[in-house]
Amino acid sequence: MHLQIPENAREIIHTLQAAGHQAYVVGGCVRDALLGREAADWDITTSALPRQVKALFPRTLDTGLRHGTVTVMLDREGFEVTTYRVDGEYEDGRHPKEVRFTPSLTEDLRRRDFTINAMAYNHKDGLVDVFGGQEDLKNGVIRCVGNARERFSEDALRILRAVRFSAQLGFQIEEETRKAMEELAGNLKRISAERIQTELVKLLVSPHPETLRTAYETGITAVVLPELDACMEMPQQNPYHCYSVGEHTLVALTKIRADKVLRLAILLHDMGKPPTHTRDEKGVDHFYGHGLEGEKLAAQILRRLKFDNETIRQVRRLVLYHDDRHKDPTARWVRRAIYRIGPDLFPAYLEVRRADILAQNPIYWEKSLKNLECVETLYQQILAEENCISRKDLAVSGRDLIEAGIEPGKQVGVILEKLLELVIDHPEYNEKEYLLKQIKRV
Ligand code: ATP
Ligand code: MG
């Protein structure tokens, strides 16, 4: 067994070995190398203690000394080098209260979550696979190292990680592991939002985002995203739809590019449906105002999961406008839509709409896609003609208004906005002289 390891990782291992220590690449990178995937980062595990690691390399960072991790810098690239350790008792399903260093590689591998993540490798000893990771990789199985119940009780985040790896790799979750997930999913409530966010995003941008269904079935979303459960349990008796709200969402996730904002927007786009649901006398379901309600929920959910403000801003907007359409779109309608939705997010809005359509009843695809393509064509024309759709393209500036006698202050912004709206409806009016004459009228 020979694996390709980057030059710098090899050099670090070699340096540690030359000083009499053991060292291996370990975990995710070994798994990915065996699968022929590109590894995100190359982690190294060693028998050397942190201070011994620090003494051997000129440039190191104390990344997590308490947990035995030192980052070794080589050619500006950082490698996490972690001392073999056994995780002490887990206080509250959150953090190991203490870690204990150990001279045994097997002990270090035993503390890891899944068999496929518990292999180590170096050129001298080849692959170290004590828990059958290679076999599980071959069969496409996610299985806990040792007793699944114990492993999930130690750290409940692993329950969500199992779904994440299943989604990334297209693997099945082994039965005992899955049973333990169902039993212990409730413990996820003690896990920090930041850790959940990381795993949720990896799941969403994976090749199989629809694996989120497993998170629903095992009771994970009931704890971390109960709004999804409401969608899964919300049927849609409506000719446009052939799925429940939740199933529609899962299908739509597979129809959009693997981008964080786009996948989050699709995940949340119809969350406003359960709270706005009504059924008319003919038995048809309606969800009036679900975009607006969805925007509120999206903001709440993303804040709860501690997403950054920029991500929240973009996703909210896309949720709010995801259903914004016109049965006969004109260039003027599209210019107004660009203005409303924002020039920066308009291409994303188009992608969201396409995915949304492709997850609806196929008998409407042709008509809906034609409508969308009409919007796309008009959008391209507007870009090509460099029509003014934001203040920066307006032929007058705030300074021009002040020079024309407008009091500096709020009024300047109000007038600029009115002029912009005028120009959006009539691109040919975007001339300084003309606009200055309009000041009084707008
Ligand atoms: P990625 O490709 O997303 O980085 P990864 O497998 O490298 O995936 P990391 O979160 O970077 O995942 O963790 C690196 C390794 O550390 C894992 O492969 C696993 O061996 C171990 N590990 C990480 N988190 C846990 C955990 N919560 N419980 C047990 N072992 C863990
Ligand atoms: Mg990693």
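The values are calculated or read from the model by the stated rules, or taken from the named source; none is laboratory data. No experiment lies behind these values; they were computed from the predicted model shown. Glycine gets a Cβ as well: all are built from the backbone with ideal geometry, and neighbour counts include every protein chain shown.
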Query raised in the report: Can you find even one residue in the stretch 271-278 that is free of Cβ contacts under 8 Å to residues at least 24 places away in the same chain, within 19 Å of VAL205 (Cβ to Cβ) and part of a helix (DSSP H, G or I)?
Result: no
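Among the residues of the stretch 19-58, what is the count of those that are within 16 Å of ligand 2 (Cβ to nearest atom), modelled with pLDDT of 95 or more and hydrophobic (A, V, I, L, M, F, W, C)? Break it down stepwise before answering.
Restricting attention to the stretch 19-58, the residues satisfying the condition of being within 16 Å of ligand 2 (Cβ to nearest atom) are 24-35, 37-45.
Checking which are modelled with pLDDT of 95 or more leaves us with 24-35, 42-45.
Add one more test, that the residue is hydrophobic (A, V, I, L, M, F, W, C), and what stays is 25-26, 29-30, 33-35, 42, 44.
Qualifying residue count, the stretch 19-58: 9.
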Query - Residues of the stretch 131-151 satisfying the condition of being crowded, with 17+ Cβ neighbours inside 10 Å, out of contact with any Ser or Thr (no Cβ under 7 Å at 6 or more places or on another chain) and not in a strand (DSSP E or B) - result: GLN134, LEU137, ARG151
Query raised in the report: Does the stretch 224-247 contain at least one residue that is under 23 Å from THR198 (Cα atoms) and not in a helix (DSSP H, G or I)?
Result: yes
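Within the stretch 152-188, how many residues turn out to be without any contact (Cβ under 8 Å) to a residue 24 or more places away in the chain and crowded, with 22+ Cβ neighbours inside 10 Å? Please lay out each step first, then the result.
If we filter the stretch 152-188 for residues that are without any contact (Cβ under 8 Å) to a residue 24 or more places away in the chain, which is where we start, we get 175.
From what's left, crowded, with 22+ Cβ neighbours inside 10 Å: none.
Selection size over the stretch 152-188: 0.
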Report summary line: With the first residue restricted to the stretch 237-248 and required to be under 15 Å from ASP280 (Cβ atoms), and the second required to be β-branched (Val, Ile, Thr), Cβ contacts under 8 Å at 6 or more apart or on different chains are GLN237/VAL284; ASN238/VAL284; PRO239/VAL284
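If you go through the stretch 19-44 one residue at a time, how many are within 9 Å of ligand 1 (Cβ to nearest atom) and either outside any loop (DSSP other than H, G, I, E, B) or hydroxyl-bearing (Ser, Thr, Tyr) (or both)?
Applying the first criterion (within 9 Å of ligand 1 (Cβ to nearest atom)) to the stretch 19-44 yields 26-32, 37, 39-41, 43.
Then keep just the ones that are either outside any loop (DSSP other than H, G, I, E, B) or hydroxyl-bearing (Ser, Thr, Tyr) (or both); that gives 26, 28-32.
Counting residues in the stretch 19-44 that are within 9 Å of ligand 1 (Cβ to nearest atom) and either outside any loop (DSSP other than H, G, I, E, B) or hydroxyl-bearing (Ser, Thr, Tyr) (or both) gives 6.
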Query raised in the report: Any residue in the stretch 138-150 that is modelled with pLDDT of 95 or more and near ligand 1 (Cβ under 10 Å from one of its atoms)?
Result: yes
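So, in the stretch 216-236, exactly how many residues are of a type in the set (A, V, I, L, M, F, W, C), more than 27 Å from PRO362 (Cβ to Cβ) and in contact (Cβ under 8 Å) with a residue 40 or more places away in the chain?
3
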Query raised in the report: Which of the residues spanning the stretch 302-321 are at negative phi and touching an Asp or Glu at 6+ places or on another chain (Cβ under 6 Å)?
Result: ARG316, VAL319, LEU320
